[in-house]
Amino acid sequence: MWFFGTNNSSGFSGSSTAEEVTHGIDGTGLTAIVTGASSGLGAETTRVLALRGVHVIMAIRNIANGREIRAKILNEVPSAKIDIMELDLSSMASVRTFASDYKSTTLPLNLLINNAGVCAPPFTLSEDNIELQFATNYLGHFLLTHLLLDTMKNTALESGKEGRIVNVSSEAHRYTIRGGISFDRLNNSSGYFGLLAYCQSKLANNLHANELARRFKNDRVQITANSLHPGGIYTNIFRYTSLLDSIFRMLGMFIFKDVHQGAATTCYVALNPEVEGISGEYFSDCKIAKPSKLSQDITLARKLWDFTMDVIK
């Protein structure tokens with residue numbers, strides 16, 4: 001049990017599991033896309049949403065791993081509705097193909113769980129010449145959300161059910177460079193520090209959700225957008241940093257959440273009725289938490305939005 005958890009206003013804590021925070025909730029009739037669903041938090045989020053009756057689309061790069069996860073879930077929950085679609089978030093072409101293919105299925109879309117991420121790889125440029133963490137953790141999710149917004153809006157209108165966009169961020173969003181986003185040096189290998197670039201991408205996830213929420217409110221769109229910290233948890237996201245990977249692997253069982261606890265806040269924000277109508281917030285341990293001042297900077301959020309729209313043209 002993760003011993004740092006304490007009960008909060010939602011009735012849940014840092015030690016609550018994804019199954020506990022969705023207990024008794026019927027997600028039948030809802031359709032969700034979960035990115036990075038072939039391992040870790042994404043796999044557990046997929047399992048629990050499917051357990052609650054949600055039709056889940058696993059948006060993943062590793063199809064073989066995805067099939068294994070799907071088979072395990074179906075063995076546990078034979079009635080689960082789970083499909084697999086290929087998606088490489090570091091590639092804008094792949095994101096566009098995924099969005100086009102999804103639209104062609106005519107499936108509705110109620111929940112978009114922007115979960116996938118990489119942490120502190122060696123400096124690498126994506127095929128679009130974007131720093132890999134910014135490309136994968138933020139830009140790919142921004143583009144995916146942008147391309148599927150009309151589908152989500154139509155689903156909300158036709159179903160009368162609120163759509164929800166969930167950006168899986170991190171407490172790491174607090175530890176960025178001064179000013180938050182290095183717009184002018186984003187793809188410069190000089191001075192690159194992997195962990196700082198990771199923190200930058202997580203801040204961008206928060207700013208994205210907040211700007212979406214503001215736009216939805218202004219346009220009276222029945223969709224919410226929130227970001228969250230899943231908690232300290234060991235997953236394969238640390239695979240690029242051997243020292244951190246070794247340390248976290250050794251300490252994980254003592255000080256970190258397991259995946260069942262780590263996916264709890266994601267599933268809570270995505271499915272729990274207590275969150276209905278709440279938008280533009282940052283959650284941790286299944287409650288609203290206070291993010292960094294930069295996360296709440298409206299000017300920075302709009303600047304990042306405009307910058308990103310230019311990049312994805």
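When we screen 93, 71, 64 for residues that are part of a helix (DSSP H, G or I), under 22 Å from residue 135 (Cβ atoms) and over 18 Å from the mean Cα position of the chain (by Cα), the only hit is 93.
When 24, 11 are checked against the criterion of being over 29 Å from residue 136 (Cβ atoms), modelled with pLDDT under 95 and assigned to a loop (DSSP other than H, G, I, E, B), 11 stands alone in meeting it. Of the residues 97, 105, 124, the single one that is touching a helix residue (DSSP H, G or I) at 6+ places or on another chain (Cβ under 6 Å) and surrounded by fewer than 22 Cβ atoms within 10 Å (Cβ to Cβ) is 124. Of the residues making up the range 9-38, those that are farther than 17 Å from residue 51 by Cα, surrounded by fewer than 21 Cβ atoms within 10 Å (Cβ to Cβ) and of a type in the set (S, T, N, Q) number 4. Starting from the range 107-123, keep only residues that are closer than 14 Å to residue 135 by Cα and in contact (Cβ under 8 Å) with a residue 40 or more places away in the chain, then list their pairs with residues that are among the small types (Gly, Ala, Ser) and not in a loop (DSSP other than H, G, I, E, B) whose Cβ atoms are within a distance under 7 Å, requiring at least 6 positions of separation or different chains. If the second residue must be among the small types (Gly, Ala, Ser) and not in a loop (DSSP other than H, G, I, E, B), the pairs left are 115/42; 116/42; 120/194; 121/194. If you check residue 41 against the conditions, is it within 26 Å of residue 170 (Cα to Cα) and part of a loop (DSSP other than H, G, I, E, B)? No. Looking at (1) farther than 21 Å from residue 45 by Cβ; (2) of a type in the set (A, V, I, L, M); (3) assigned to a loop (DSSP other than H, G, I, E, B); (4) at pLDDT 95 or above, which is the one condition that is false for residue 116? Unmet condition: (1).
In the range 196-216, the condition of being closer than 17 Å to residue 123 by Cβ and not in a helix (DSSP H, G or I) is met by no residue.
Scanning the range 269-307 for residues that are hydroxyl-bearing (Ser, Thr, Tyr), in a helix (DSSP H, G or I) and under 18 Å from the mean Cα position of the chain (by Cα) turns up just one, 295.
Among the conditions (1) of a type in the set (Asp, Glu); (2) touching a helix residue (DSSP H, G or I) at 6+ places or on another chain (Cβ under 7 Å); (3) more than 18 Å from residue 259 (Cβ to Cβ), the only one that residue 44 does not satisfy is (3). Among the residues of the range 201-214, the one identified as surrounded by fewer than 24 Cβ atoms within 10 Å (Cβ to Cβ) and more than 14 Å from residue 145 (Cα to Cα) is 214. Within the range 39-58, the only residue that satisfies the criterion of being crowded, with 24+ Cβ neighbours inside 10 Å, of a type in the set (S, T, N, Q) and in contact (Cβ under 8 Å) with a residue 40 or more places away in the chain is 45.
The values are calculated or read from the model by the stated rules, or taken from the named source; none is laboratory data. All values derive from a computational prediction rather than experimental measurement. Don't worry about glycine lacking a Cβ; one is built from the backbone with ideal geometry, like all the others, and counts go over all protein chains shown.
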